[in-house]
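Below is one structure; the comments refer to it alone.
The values are calculated or read from the model by the stated rules, or taken from the named source; none is laboratory data. Computed from a predicted structure; not experimentally measured. Heads up, the Cβs are rebuilt from the backbone with ideal geometry, glycines too, and the neighbour counts pull from every protein chain shown. Heads up: the accessible areas ignore ligands, DNA and RNA and are worked out on the full protein's heavy atoms, side chains in. Shrake-Rupley method; radii C 1.70, N 1.55, O 1.52, S 1.80 Å.
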Amino acid sequence: MGSRSDNGDWPSDGGSPDDLPDLPEEWGVIVIPDDLSELADEVEAIRAELGRSSPPTRWQRFLARPVARRVRRIVAAGVRAPVLIISMAILVTVASLFASAWPGPPRTPAVQRTADDTGDTGDTLPALELLGADGQNVALRGQLPAVVLITDGCDCGRLVNDTILAVRPDIAVVTVVSGTTTPPSAGPLPATGAAPQPQGKTVRALRDPTASLRASLHLGTPDGTAAVLLVDRAGQIVRTFPRTLTVDDLRPDLTRL
């Protein structure tokens, strides 16, 4: 135990004044700082510990009830759902922006189908005036519907006869030959170049001196086959056969006239 010294209340050997017991050894060395603000962290820790050990308030007891806990969970879920939806929308938007800006593989250009591919041209039969067997002008669209056979350089007599037999009576069969050669007729033709055939069918044999019909429809040069146009009542070309020698190619589409 320490004793009072002549220099003050504390004895010179470091003992406690007034016969007070020493601090427990397990506390270690206790240092009292000159600035008490240095103990702020320890003060906050002690206050937090005291707050946990203090009895709960009414509000804390109310929030601890099962109903209040369920309400808190529902509110928390209600807050999380919009946040999740907004986050997903933002992610999708950003991904779409990256996808649109990201260079992809080169696209193959679409191939434009021509008459050689499908034969469905959607063109209109030109309003030409050609020459009949008697040299008189005959309107190409004078009688519709019609099957127009362009027979330049083609031995197409059988094709013409088979076509006449295959069409309905209201469908005209028109043969066109380019150049200055007079076209062969399928029988005696009147001045108009149109001749009623057996079973009430009509055949027109016309000549195209300047090959305007072949050129306007881009049918190419003659190659020993016939080019055939199927034309409906409105003058629309519903099917084009750039090359054919048999009426069997035409039969499936004759019902479209």
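Structural remarks
- Only residues that are in a loop (DSSP other than H, G, I, E, B) and open to solvent by less than 20 Å² (accessible area, probe 1.4 Å) were counted across the stretch 120-150, and they come to 4.
- Of the residues making up the stretch 50-67, not one is modelled with pLDDT of 75 or more and closer than 28 Å to Ile32 by Cα.
- Matching option when the condition is at pLDDT below 75 and either among the hydrophobic types (A, V, I, L, M, F, W, C) or surrounded by 10 or more Cβ atoms within 10 Å (Cβ to Cβ) (or both), among Arg4, Arg70: Arg4
- The criterion of being modelled with pLDDT under 90, over 23 Å from Pro222 (Cβ atoms), of a type outside the set (Phe, Trp, Tyr) and not in a helix (DSSP H, G or I) does not hold for Pro82.
- Count - residues of the stretch 218-233 that are modelled with pLDDT under 90 and aliphatic (A, V, I, L, M): 1
- All told, Asp155 meets the bar of being more than 21 Å from Glu129 (Cβ to Cβ), modelled with pLDDT of 85 or more and among the charged types (D, E, K, R).
- Residues that are of a type in the set (Ser, Thr, Tyr), assigned to a helix (DSSP H, G or I) and within 41 Å of the chain's Cα centre (by Cα) within the stretch 210-226 comprise just one, Ser216.
- Residues satisfying the stated conditions in the stretch 235-253, i.e. open to solvent by 20 Å² or more (accessible area, probe 1.4 Å) and more than 35 Å from the chain's Cα centre (by Cα): Arg243, Leu245, Thr246, Asp248, Asp249, Arg251
- Subset of the stretch 87-119 [surrounded by 10 or more Cβ atoms within 10 Å (Cβ to Cβ), modelled with pLDDT of 70 or more and either under 30 Å from Gly142 (Cα atoms) or not β-branched (Val, Ile, Thr) (or both)]: Ser87, Met88, Ala89, Leu91, Ala95, Ser96, Leu97
- Members of the stretch 123-160 that are of a type in the set (D, E, K, R) and closer than 14 Å to Leu245 by Cα: Asp152, Asp155, Arg158
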